[in-house]
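A.B. asks: Before I ask anything, here is the structure I am working with.
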Amino acid sequence: MLGIVSYGFYIPRYRIKTEDIARYWGKNPESIIGSLNIYEKAIGGIDEDTLTMSYQSATMALADNIFDKTKISGVFIGSESHPYVVNPTSTILADYLDIGNNYLAYDTQFACKAATGVLISSFALVKAGFCEYVLVSGSDKATGKPGDALEYSAASAAASFILGKKDVLLEYIDSSSFSSDTPDFWRRHGNKFPSHAGRFTGEPAYFFHVHGAVKALLKKTKRKPQDFSRIIFHMPNGKFPIRCALELGFSKEQIEDSLIVRKLGNAYSACSLIGLCAVLDKSQPGDLILLASYGSGAGSDAFVFRVTKEIEKRRKNFSETIDVKQYVDYQKYLRLMGD
Amino acid sequence: MISVIGYHTTKFGELWNKSLYDLVGEVIRGVLKDAKLEKEHCDAIFIGNMLGGVLENNLHSGAKVAEILDTHIPVFHVESACASGGIAFNMAVNYITAGKAHTVIVVGAEKMTDFPPDVTISGLSAAASGDEQEVGLTFPGLYAMLARVYMETYGYTEEDLAYVSVKNHYHGFLNEYAHFRKQITIEDVLKSPYVASPLKVLDSSPISDGASALIISSNHQLVAQAKYVAKILSSEVATDSISLKSRKRLDELLATKIAADKAFDQAKIDRKDISVAELHDCFSIAELLAMEDLGFWKKGTAGKRIKEYETMHGNGNGFIVNTSGGLKAAGHPVGATGVKQIGEVYLQLTGRAGKRQVKKSRYGLAHNVGGSGGTAVVTILGN
Amino acid sequence: MKTSPVKVWRRQKTLRKLLGMKGKIITWTVISVPGHKHKDQAPFPVILVQLENKQRICGQLVEYNESDLTTGKEVVSILRKVHKPSEDGVIAYGIKFRPAS
């Protein structure tokens, strides 16, 4: 059986409320919250970055301690905020995890789907017997230009998954990837903040690609929306995923448990993966789960997973963990976002 | 027997017009004049300086001194963080004892104000371990940790520590060479901003420039014809781990204890014989620890006894501490301090301490510490 | 002086063994006046910790409340950036602490 053997996540402690950002910019908090459906977001401290957060999430995944970590022969990190432009985050992570030197590593970028893309490749590596275990991490300390709409949603978080064939808690059934060249959101060399094309990021971008990937996957696996206990879509805000789910024939109930964006914001490459961690809190053996990420530029990776009995032994308590938080005001927020 | 036969010091403070080697040149010429000697009388020079290399990329001080003085005698650079001066003195004494010379000049000098304070503070942390520096611990930070242990173990407060600064500022007020000549109150200390809690600005010695020099000699003729003489009864050194984390106890500086025991042993006198002492008060807590570690006061009692001001000039007591103003008020040009301390004791024993003279001083002690206690040197002079 | 990449690399091997360990605060201070490398972080607390393996190390404390700064408080070691990297130098990661509860 091929799938996810263990999982871990990390949400930084600090939170800033949407209403505090809105008030600072002289906007009406109610209308911002109303249009985005985001109440607050999590942000990393000035001494945290993609690597430190990924490390925390990977340590949680490895804490299950059910296999020899030196057997990990693939380490991949997807992020939009790698600490270096040239120098792999994945090997810094692997070194701190002390897994030896016999592994393949590289960093990926594809906006918010940097990690799910390499997740598909990693399932192939394990399936083909190239790697016994692979660690895939999605981690971002997302930024939005102060005063821009993205400021309300850009957040920090990390999630890690160990892929393998033994003691699988989330069985990999199938996946489908849908890609195109669609310039809805980008960041050039040397630019500190990303740029975006406003409303163009909606229909032709997010919705077109998520629809494309999910429909192709449902067809491939001969499944209907009703077959799934829960679904997770990438969450650029608290509205898009719900609308997309309804358009595709899913119900609001199916997507409800995944909508962490309302409390944690959008942590780019970690976003949909964090949604998956949240959903696992309540998942039962036998449940079918559908996950569809979205990465600007653009593309969507869709997965069908089945929960196994292993979940009962090694479930991590997401909702309780994320409740440890500390609110900051806008001034402190600017200081935390740093340089 | 080796004796101190001359002393000269610059004022300590922000000496904008003088470079490090301007100060070195000045005190060497000054001390020769004080002892009424010529440079030809001098067989060797020991110079204590900590930051020349760190801040200014200036090392090889031996050759620099040779250039300033136009000499070819051996000149040795000594570095032991804030104990550079005291250790330079110790090595000079041992150099003479070993028969390599008869008359040696010991110089201590430091230039700290050419750079912004945060650069100097980083430079000073070179005296701490790499790990301590990495996490952002400064000198005040290290002594602050010791202060907290002391306060929590023996039940003292920040107010108790403040008495050290008040006393030393009074002494500085009496010393025309001191960096600070202003008296302060307990309230002033308590109201000053934190540098590293619980230590505040007025608990901490300042950043100062300055240089001091001594001439020591075993030459009978030179000693006999010298006007002001003090015998060097002992100079002893001990070390301890550079990092706080490897110390056996955090409520004492073990290096001080070991050096003191050796020094009193060597000098063949008791603690009660000492009438003046210059102790290493880089921070208020350091003087309290020193009083206990040197064996003058019992462990844990300094925080209480300091409030009686029994070691303050004018109290009619037989034992006065830090008449120069200590590091706190006289200033702390790091490499110079150890030499200044011995110089102050020498002035006291030879009746030349002006308004801060302690009458009938027969034996005096100087205590110089490097870093957070990694090096300690105790010197005893007597007449 | 820029952070030495060799030193960072060498230090990493010892550092990673000390991550995720519990310990108790032996003594602490809050640095208000730092050296230039840590200028932008002040004020910050530094603690001396005795780890569960009896080793002692010092490090900054983060994500704390005032009441956590007490002798005896239980803390856990985490991985963080230790100071702001220079514009083109390597990033130094190291150990900081967070209150255990």
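We did not get these values from a lab; they are worked out from the coordinates using the rules stated. Because the structure is a prediction, the values reported are computed rather than measured. Glycine gets a Cβ as well: all are built from the backbone with ideal geometry, and neighbour counts include every protein chain shown.
A.B. asks: For peptide C:77-85, what's the mean number of Cβ atoms from other chains within 10 Å of each residue's Cβ?
C.D. replies: What the average comes to for C:77-85 is 6.
A.B. asks: May I pose another question? Roughly what angle does helix B:139-154 make with the longest principal axis of chain B, taking Cα atoms, 0 to 90 degrees, to the nearest 10?
C.D. replies: Once rounded, one gets 50 degrees.
A.B. asks: Sorted from fewest to most neighbouring beta carbons within 10 Å, what does the list B:8, B:60 look like?
C.D. replies: Values: B:8 22, B:60 12.
Fewest to most other Cβ atoms nearby, the residues stand as B:60, B:8.
A.B. asks: Now for a separate question. Just how far, in whole angstrom, is segment A:147-168 from segment B:271-307 if you go by their alpha carbon centroids?
C.D. replies: Cα centres, segment B:271-307 to segment A:147-168: 58 Å.
A.B. asks: Give me the inter-chain shielding for B:148-156: mean count of other chain Cβ atoms within 10 Å, whole number please.
C.D. replies: On the way: counts 7, 5, 1, 1, 4, 1, 0, 0, 0.
Mean partner shielding for this stretch: 2.
A.B. asks: Work out from phi, with θ = phi - 60° and the Karplus expression 6.51 cos²θ - 1.76 cosθ + 1.60, the ³J(HN,Hα) of each residue of segment B:302-319, listed in order in whole Hz, and give x for Gly and Pro.
C.D. replies: Ordered by residue, 3J(HN,Hα) equals 4, x, 8, 5, 4, 6, 7, 6, 5, 9, 9, 4, x, 8, x, 8, x, 9 Hz.
A.B. asks: Cα convex hull of chain A: how many Å³ per residue?
C.D. replies: Taking the convex hull of the Cα positions in chain A, it is 121 Å³ per residue.
A.B. asks: Under a Cβ-Cβ cut-off of 13 Å, what is the net charge of the residues other than residue A:241 that fall near it, where Lys and Arg count +1 and Asp and Glu count -1?
C.D. replies: +2
A.B. asks: Count the net charge of all other residues whose Cβ sits under 11 Å from the Cβ of residue B:280, scoring Lys and Arg as +1 and Asp and Glu as -1.
C.D. replies: Here the count lands on -3.
A.B. asks: Given Cα pairs under 8 Å that are at least 6 residues apart, what percent is the relative contact order of chain B?
C.D. replies: For chain B, the relative contact order is 26 percent.
A.B. asks: Segment A:185-277: which chymotrypsin sites (Phe, Trp or Tyr not before Pro) are DSSP loop and have at most 15 other beta-carbon atoms within 10 angstrom?
C.D. replies: Those that pass, being in a loop and sparsely packed, number zero.
A.B. asks: Which order do A:179, A:6, A:137 fall in if you start with the one that has the fewest other Cβ atoms within 10 Å?
C.D. replies: Details: A:179 17, A:6 27, A:137 33.
Listed from fewest to most nearby Cβ atoms, that is A:179, A:6, A:137.
A.B. asks: Additional query: Per residue of segment A:145-150, what does 6.51 cos²θ - 1.76 cosθ + 1.60 with θ = phi - 60° give for ³J(HN,Hα)? Whole Hz please, x for Gly and Pro, Karplus curve as stated.
C.D. replies: Listing the rounded values in order: 4, x, x, 8, 4, 4 Hz.
A.B. asks: Shifting gears a bit: Quick one: net charge of residue A:225's neighbours, Cβ under 14 Å, K/R +1, D/E -1?
C.D. replies: Combined, the nearby Lys, Arg, Asp and Glu give +4.
A.B. asks: How many partner chain Cβ atoms sit within 10 Å of a residue's Cβ in peptide C:38-49, on average, as a whole number?
C.D. replies: 5
A.B. asks: Is the shape of segment C:5-99 best called rounded, prolate or oblate, per the rule: a/c under 1.5 gives rounded, else a/b larger than b/c gives prolate, else oblate, with a ≥ b ≥ c the square roots of the Cα gyration tensor eigenvalues? Each step should come with its number before you reach the end.
C.D. replies: Numbers: a/c = 2.36, a/b = 1.24, b/c = 1.91.
Verdict is oblate for segment C:5-99.
A.B. asks: Further question: Once amide H atoms are built 1.01 Å from N in the peptide plane, which residues 5 or more positions from residue A:110, or in another chain, come under 5 Å H to H?
C.D. replies: For residue A:110, whose amide H was placed from the backbone, the distant partners under 5 Å are A:79.
A.B. asks: Arrange the following residues from fewest to most other Cβ atoms within 10 Å of their Cβ: A:141, A:313.
C.D. replies: Working: A:141 29, A:313 10.
By the 10 Å Cβ count, ascending, the order reads A:313, A:141.
A.B. asks: Sticking with this one: Which entries of A:325/C:13; B:111/B:359; A:71/C:54; B:272/B:299; A:215/A:252; B:262/B:359 have Cα-Cα distances beyond 22 Å here?
C.D. replies: Those over the limit are A:325/C:13; B:111/B:359; A:71/C:54; B:262/B:359.
A.B. asks: Greater than 21 Å separation of Cα atoms is the criterion. Which listed pairs, C:22/C:96; A:127/A:224; B:257/B:298; A:41/A:332, meet it?
C.D. replies: A:127/A:224
A.B. asks: Show me A:97-103, B:94-100 ranked by packing, highest mean number of other Cβ atoms within 10 Å first.
C.D. replies: For the peptides A:97-103, B:94-100, the packing ranking is A:97-103, B:94-100.
A.B. asks: Once you sort the root eigenvalues of the Cα gyration tensor of the protein assembly as shown as a ≥ b ≥ c, which label holds: rounded (a/c under 1.5), prolate (a/b larger than b/c) or oblate (the other case)?
C.D. replies: Judged from the Cα gyration tensor, the protein assembly as shown comes out prolate (a/c at least 1.5, a/b above b/c).
A.B. asks: Tilt of helix B:284-293 relative to the longest C-alpha principal axis of chain B, in degrees (0 to 90, nearest 10)?
C.D. replies: Long axis of B:284-293 versus the principal axis of chain B: about 70 degrees.
A.B. asks: Place the peptides A:288-294, B:65-71 in order of packing, highest mean first, counting for every residue the other Cβ atoms within 10 Å and averaging per peptide.
C.D. replies: A:288-294, B:65-71
A.B. asks: May I pose another question? What residue among B:62, B:373, B:136 has the largest mean-square fluctuation in a Gaussian network model of chain B, using Cα springs under 10 Å?
C.D. replies: The residue that fluctuates most here is B:136.
A.B. asks: Right, next: Among all the lysines, which ones have a C-alpha under 19 Å from residue B:304's C-alpha, if same-chain residues fewer than 8 places away are not counted?
C.D. replies: B:167
A.B. asks: For the peptides B:101-114, B:154-167, what is the packing order when you average, over each peptide's residues, the other Cβ atoms within 10 Å and list the highest mean first? Walk me through the numbers on the way to the answer.
C.D. replies: Details: B:101-114: 26.2, B:154-167: 21.1.
Ranking, from highest mean packing down: B:101-114, B:154-167.
A.B. asks: Using the Karplus curve 6.51 cos²θ - 1.76 cosθ + 1.60 with θ = phi - 60°, what ³J(HN,Hα) values do you get for each residue of segment A:319-325, in whole Hz, with x for Gly and Pro?
C.D. replies: My calculation for segment A:319-325 gives 5, 6, 4, 6, 6, 7, 8 Hz in order.
A.B. asks: Distance cut-off 22 Å, Cα to Cα: go down the list C:2/C:81; C:39/C:73; B:39/B:227; A:17/A:145; A:113/C:81 and report the pairs above it.
C.D. replies: Numbers: C:2/C:81 15 Å; C:39/C:73 27 Å; B:39/B:227 18 Å; A:17/A:145 17 Å; A:113/C:81 26 Å.
The answer is C:39/C:73; A:113/C:81.
A.B. asks: Just check segment A:227-339 against the gyration tensor rule for me: Cα atoms, a ≥ b ≥ c as the square roots of the eigenvalues, rounded for a/c under 1.5, and otherwise prolate or oblate depending on whether a/b exceeds b/c. Write down the numbers at each step before the final one.
C.D. replies: Values: a/c = 2.16, a/b = 1.39, b/c = 1.55.
Oblate shape, in that a/c is at least 1.5 and b/c is the bigger or equal ratio.
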